[in-house]
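In what follows, a single structure is set out as structure tokens and then discussed.
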Amino acid sequence: MHTAEKQKISVKEAIDYQVVTADEPWEELAEIIRSINTQQAVFFVDENVFRLQDAFIARLESLVKRPILARVPAGEQSKSVQNWASLVDFCLEQGIDRQTPLVAVGGGVTGDLAGFVAASVLRGLPLIHIPTTILAIVDSSIGGKTGVNHSVGKNLVGAFYQPRAVVSFLKVLDTLPDSEFISGFAEVLKYGAIEDTGILALLNGRSILSLRKDPQLLKEIVQRCIKVKARVVSEDTKEAGLRMILNYGHTFGHALEKVAGYGCISHGQAVFAGMVAAGVMAQKLGARIDNSLIDQHAAAFVTRGFFDHFSIEDLNKAMQSDKKVSRATVRFILLHEYGRPYLHPVNDAEFITSVWEESFQKMNQLSS
């Protein structure tokens, strides 16, 4: 018998929706699908999930009379305009209608791609997220951001499109590789840094991978992250103000991802390095932050020499194409202290360069 944790997301432009989290919330998922359409549904399934979770996929398909399944290649490279167009074609060729739900089964890549397809086909299909990674469960599946990458930058083509529900099966995490498990914890640390500092306290002195053997603590941490995300996106659905705090570490991180080549480093590695850099910038501006609660996890995310092949000039150019840039001013989310984020615009390229340099030195020291 499981106990499902539920959070309500209230969105002005759309219906409210639930975020359901449990070991195996089959009853809740079946009820959600019954409320939309039991005749047919389109399932976009990450190829790794398809390969590792046969019984899980079969049970998902049994929830409707006509399951329509498409495999989504794993990896950041899948978030392309070409792949989006191909999946739009696939949906239209199936003869679906506007009451056909699109169910995204996978990590952040699958969810972002499926969400943009759902927003586009027939001007909007009912969208259900079934996230299967830590990152997707605590972050990318919640809040309605969808999209694909462009050669100019990450997530520059997409839409805000709210799902009908997010249903997380924590049991599915059993087959998640250690590297992906760790990667998702960059976002977990982010939530601890910007609001729920108790998350950082729970992880203090603890190996991230040790949580694989402590499902109750893992569930508590996941649910605390979801509560933060639910509160923020309920108040700011389109990143007009408060929601920008969720970008902590991401301005630096997105630049690292672009310069490395999408998929060459994990999103978690990039965001973790970005949070270290944000901590360096805040300290250079006078903040008195004990960054050790985040820094202590560095060895889990990066190895010594991780930054050796990055050009700071290229990173600064990449920052200029980020969504958080306005008239050559880069907008960073920084911390006065843990739990107190603020927006700080910077138009001094030399200052940003000095932050990169100090951050590289620090990360090499932390990861050795």
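Residue check: residue 50 meets all listed conditions (1) within 23 Å of the chain's Cα centre (by Cα); (2) open to solvent by 60 Å² or more (accessible area, probe 1.4 Å); (3) free of Cβ contacts under 8 Å to residues at least 24 places away in the same chain; (4) within 23 Å of residue 92 (Cα to Cα) but one, namely (2).
Which ones in region 182-201 are farther than 23 Å from residue 132 by Cβ and not polar (S, T, N, Q)? Before the answer, list the steps.
Here is the first cut: in region 182-201, the ones farther than 23 Å from residue 132 by Cβ are 193-198, 200-201.
Hits for region 182-201 are 193, 194, 195, 196, 198, 200, 201.
Considering every residue within region 203-221, establish whether at least one is open to solvent by less than 40 Å² (accessible area, probe 1.4 Å), within 17 Å of the chain's Cα centre (by Cα), touching a residue at least 60 places away in the same chain (Cβ under 8 Å) and closer than 22 Å to residue 273 by Cβ. No, because not a single residue in region 203-221 is open to solvent by less than 40 Å² (accessible area, probe 1.4 Å), within 17 Å of the chain's Cα centre (by Cα), touching a residue at least 60 places away in the same chain (Cβ under 8 Å) and closer than 22 Å to residue 273 by Cβ.
Pairs linking a residue in region 301-316 that is over 15 Å from residue 252 (Cβ atoms) to a residue that is surrounded by 13 or more Cβ atoms within 10 Å (Cβ to Cβ), with Cβ atoms under 8 Å and 6 or more positions apart or on different chains, are 303/367; 304/364; 304/367; 305/364. Among the conditions (1) open to solvent by 70 Å² or more (accessible area, probe 1.4 Å); (2) over 24 Å from the mean Cα position of the chain (by Cα); (3) touching a residue at least 24 places away in the same chain (Cβ under 8 Å), residue 283 misses just one, which is (3).
In region 73-85, the residues that are of a type in the set (A, V, I, L, M) form Cβ pairs under 8 Å with partners that are surrounded by 19 or more Cβ atoms within 10 Å (Cβ to Cβ) and assigned to a helix (DSSP H, G or I), at six or more places apart or across chains, as follows: 74/48; 74/109.
Taken over region 97-107, the criterion of being out of contact with any His (no Cβ under 7 Å at 6 or more places or on another chain) and either closer than 20 Å to residue 20 by Cα or surrounded by fewer than 21 Cβ atoms within 10 Å (Cβ to Cβ) (or both) is satisfied by 97, 98, 99, 101, 102, 103, 105, 106, 107.
So, residue 332, is that one touching a residue at least 24 places away in the same chain (Cβ under 8 Å), buried (at least 20 other Cβ atoms within 10 Å of the Cβ) and part of a strand (DSSP E or B) or not?
Values: touching a residue at least 24 places away in the same chain (Cβ under 8 Å): yes; buried (at least 20 other Cβ atoms within 10 Å of the Cβ): yes; part of a strand (DSSP E or B): yes.
It is true that residue 332 is touching a residue at least 24 places away in the same chain (Cβ under 8 Å), buried (at least 20 other Cβ atoms within 10 Å of the Cβ) and part of a strand (DSSP E or B).
For residues in region 145-179 being out of contact with any strand residue (DSSP E or B) (no Cβ under 9 Å at 6 or more places or on another chain) and more than 20 Å from residue 55 (Cα to Cα), which is surrounded by the most Cβ atoms within 10 Å (Cβ to Cβ)? Here the answer is 153. Being open to solvent by less than 10 Å² (accessible area, probe 1.4 Å), outside any loop (DSSP other than H, G, I, E, B), more than 28 Å from residue 156 (Cα to Cα) and not polar (S, T, N, Q) is a property that residue 113 lacks.
Has region 50-65 got any residue that is touching a strand residue (DSSP E or B) at 6+ places or on another chain (Cβ under 9 Å), modelled with pLDDT of 95 or more, not in a loop (DSSP other than H, G, I, E, B) and not aliphatic (A, V, I, L, M)? Checking region 50-65: at least one residue is touching a strand residue (DSSP E or B) at 6+ places or on another chain (Cβ under 9 Å), modelled with pLDDT of 95 or more, not in a loop (DSSP other than H, G, I, E, B) and not aliphatic (A, V, I, L, M).
Name the residues in region 93-147 that are touching a residue at least 40 places away in the same chain (Cβ under 8 Å) and acidic (Asp, Glu), would you? Result: 112, 139.
Do we have any residue at all in region 15-28 that's open to solvent by 50 Å² or more (accessible area, probe 1.4 Å), of a type in the set (A, V, I, L, M, F, W, C) and at pLDDT below 95?
Scanning region 15-28 turns up at least one residue that is open to solvent by 50 Å² or more (accessible area, probe 1.4 Å), of a type in the set (A, V, I, L, M, F, W, C) and at pLDDT below 95.
When residue 278 is tested against the conditions (1) within 19 Å of the chain's Cα centre (by Cα); (2) over 23 Å from residue 155 (Cα atoms); (3) surrounded by 23 or more Cβ atoms within 10 Å (Cβ to Cβ), the lone failure is (2). Is one or more of the residues making up region 181-198 closer than 25 Å to residue 315 by Cβ, open to solvent by 10 Å² or more (accessible area, probe 1.4 Å) and free of Cβ contacts under 8 Å to residues at least 40 places away in the same chain? The answer is no; no qualifying residue exists.
The values are calculated or read from the model by the stated rules, or taken from the named source; none is laboratory data. Predicted model, so just to flag it, every value in this text is computed and none were measured. FYI the Cβ positions are ideal-geometry reconstructions off the backbone, even for glycines, and counts take in every protein chain you see. Just the protein is used for accessible areas: all its heavy atoms, side chains included, with ligands, DNA and RNA removed. Shrake-Rupley method; radii C 1.70, N 1.55, O 1.52, S 1.80 Å.
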